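The structure appears right after this line, and notes come after that.
Every read-out reported here was derived from the displayed coordinates using simple, explicitly stated rules and does not represent laboratory data. No experiment lies behind these values; they were computed from the predicted model shown. Because the Cβ atoms are built from the backbone with ideal geometry, glycine has one as well, and the counts that use them run over all protein chains shown.
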Amino acid sequence: MENFLAENNVIAEYDAFWEELLREAEVTGDPQRAAFFRMYAELAAENGDCADLVYCPVIRGGARPYQVDGYAFDQVSGELHIAICDFRHERELQSLQAKKIASIFGRVRRFCEYSIRHDFLIRLEETSPTFELAWFIQDNVKFIKRIRCVMFSNARLATRKKTLEAGQVINAEMTHNIIDFYRFIDIQNAIGGTEPIEVDLWELFGDCLPFLKANFDDSDYESYLVVMPGSLLAKIYGLYGARLMEQNVRTFLQARTKANKGIINTAKQEPERFFAYNNGITATARGIEIENGKTGLCGISKFIDLQIVNGGQTTASLLYARDRRMADLSKIFVQMKLSVVEAEQIEEIVPLISRYANTQNRVSEADFFSRHPFHVEMQQISRRTSAPPAIGRLSATQWFYERIRGQYRNDCMLLSPADRRSYEAKYPKSQVLLKTDLAKYQLTFACQPHIVSMGAQRCFLRYAKNISDEWKRSKKQFNDEFFRRVVAKAIVFRWLDKHVGRAEWYKANRGYKANIITYTLAWLANLLKERKSSVLDFDLIWKHQSVPDELQDYLSILAPRIANKLKSPPQGISNVSEYAKMQGCWQQIREFELGVKGKFSAFSISLDEHAERLRDAGRDQGIINELELEVLLAKNVRRLPGLRRIARQNHILAPSADRGLKKAERGNSHLSSSERKSVLRLFKRLDELGHGPASWQDRQV
């Protein structure tokens, strides 16, 4: 019976996958294969399997076929990320056999080998994706130290291994990684986190790791001190890369920083002193397995859900020293403090371990951004804000801000079919707003398309830093009006994305659509600001939940001209994707006279009027917060004593906040102005620690 239910669940998941794929292709105007690539690539990048990939479909059949679907290159680490799609058009889930896997990865290997041959390159059309990638590999071959190849497949993997080493190609170490349909679903269901990593030390190291237990038996978690061989740590990082790093702390300073140069120099010149000089790493795991090792001593044989929460620079630098400086890591040992935390405590304890452990290189609020109160505020606003009915609809809907990956999907899964239909009517799938989407829209209209072109993750981190700084200066600006403007930007961005995908001029010469969209909208935003002293009328777009006809007409003319300019880089630059990431690219396009005229008054407002609306929204927000506080206190009276206790333990309970909470406990919601402000400040601080009202709401949703 269990197997029957499991099989039925897989069938339902596969049907839902196809519905989402077809919807994505319909909304964007892209071919199914391109939509498939984007669905997998976005999930893989967030999970840490690869960097943000550029879609670059390269394929040739015949006797010696080659294929690549996307790539990214990190010049600092020397890692070339390559993705290849095994896209099955059948609506029934198929199996992915070992022979097929070898054949598919063989196509990537063959293309890499061809790319460094001059006779291969000169036969290619210079405007083709094949030439772009082949030229890029040939031009950077001396910098490529590792090739991380990931296969995206909507079939079911028949073998157990998901990640494996694959020898060398073009003098670089190559690893193979597979995201089949089962793993795709597992990553989707890993709410708020990454897919667990299991490290089998017998398989990778050939032995167990000795340890020293460092906690009392009645503790709610286990602590161990482990001496980790440097060669093993580098090998694990070489296999799993960013997936090994706690998902909100991936912004390490790499080999350019003074600290990392010191780590690399020690590894190369004084490896026997590495243990003495280095502070070690801090890691967490959901579980470990303990066995007797080769010597008969007890040791750790497997890490379950291993994550490095401090020491990312040490880990990455060891791999860098081995690959780029030819350092011998056999004499290097690294101290590892390991905390084994039960699954139900991971969300509470691991972020605190991560935050408090990161003191060697200070980690900013931006690095912990998915837990930043900005996200909490956006989520709360989205749940209470109804959008006006769109043209052709009788009822209002709401935009769903997804603070933690998978929230929307998880909410739907818990509902009955009838309730799910009602929920999806209230929050349509097309109105789910991801935090990486928000960053992309905001930076586009802030005239930073070169940052957006760097990919979702780097764009998000840049925006996170901006928001952290702005939040400290003034929280009131992030109000209902701010959220409505974000939604309006999403409406314009998504309309243009769909329009370009279906345009005949684009179908005739596909490629770089994401760059075309962000550059087109940034160019318009810059034109309005500098030459017309105005901005788009976001209120108008919000009220109609659509793009004004005049704006549609203008963008329809503007987009192909931006595309032509973008695809004609200066002499000496052959890679358009890399060119789009440069400040110089934006400078060139921003100053280019495109000769497009439009009725700007039909879709824009003056900067003065825009500023007045923002001031009004800021004044209103103070009232909203006061009302919200009163409701929050009334609904959560029973939580308040425990909340005061947590605040006191963390030394953040101000006397005025203490008085206000005691009043609320007695049923008196009439707090003084100073008490209200103090309680609001306390709630924000507690939200940052994961104990405040945001965590209450998440559990209630």
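A few notes on this one:
- A simple spin-label model places the labels of MET326 and GLU289 3.9 nm from each other, with each point 7 Å out along Cα-to-Cβ.
- For the pair LEU594 and ARG91 in one chain, pulling the backbone fully straight at 0.36 nm per residue adds 176.5 nm over the alpha carbon distance.
- Stretchable slack from ALA446 to TYR221, in nm (0.36 nm times residue separation minus alpha-carbon distance): 76.5 nm
- The calculated FRET efficiency for LEU607 paired with ALA425, based on their beta-carbon distance and R0 = 41 Å, is about 0.60.
- Stokes-Einstein diffusion coefficient of the stretch 373-607, Kirkwood radius over Cα pairs, 4 °C, 1.567 mPa s, in µm²/s: 69
- Estimated translational D of the stretch 2-189 in µm²/s (Stokes, Kirkwood radius over Cα pairs; 20 °C; 1.002 mPa s): 124
- For the stretch 1-159, share of DSSP beta bridges that run antiparallel, in % to the nearest 5: 50
- Segment ASN466-GLU530, extension gain: residue separation times 0.36 nm, minus the distance between their alpha carbons: 20.8 nm
- Note on the chain: Cα-only Rg and Dmax are 26.6, 83 Å.
- Estimated FRET transfer efficiency when R0 is 41 angstrom, pair GLN75-ASP539 (beta carbons, to 0.05): 0.40
- For the stretch 453-560, the Kirkwood estimate of hydrodynamic radius, built from reciprocal distances between every pair of different alpha carbons, is 15.5 Å.
- Where a label projected 7 Å from the Cα of ALA98 along Cα→Cβ would reach, residues of the stretch 201-215 with amide N under 19 Å: 203-204
- Per-selection Kirkwood Rh - the stretch 559-619 (Cα, Å, 1 d.p.): 14.6
- Label-point separation, GLN587 to ILE59 (7 Å along Cα→Cβ), nm: 4.0
- Taking amide hydrogens as placed 1.01 Å from N in the peptide plane, the amide H of LEU433 sits under 5 Å from those of PHE400, TYR401, GLU402, each at least 5 positions away in sequence or on another chain.
- For the chain: relative contact order, % (alpha-carbon pairs under 8 angstrom, 6 or more apart): 10
- Between LYS261 and ARG473, the C-beta separation translates, for a Förster distance of 45 Å, into a calculated FRET efficiency of about 0.85.
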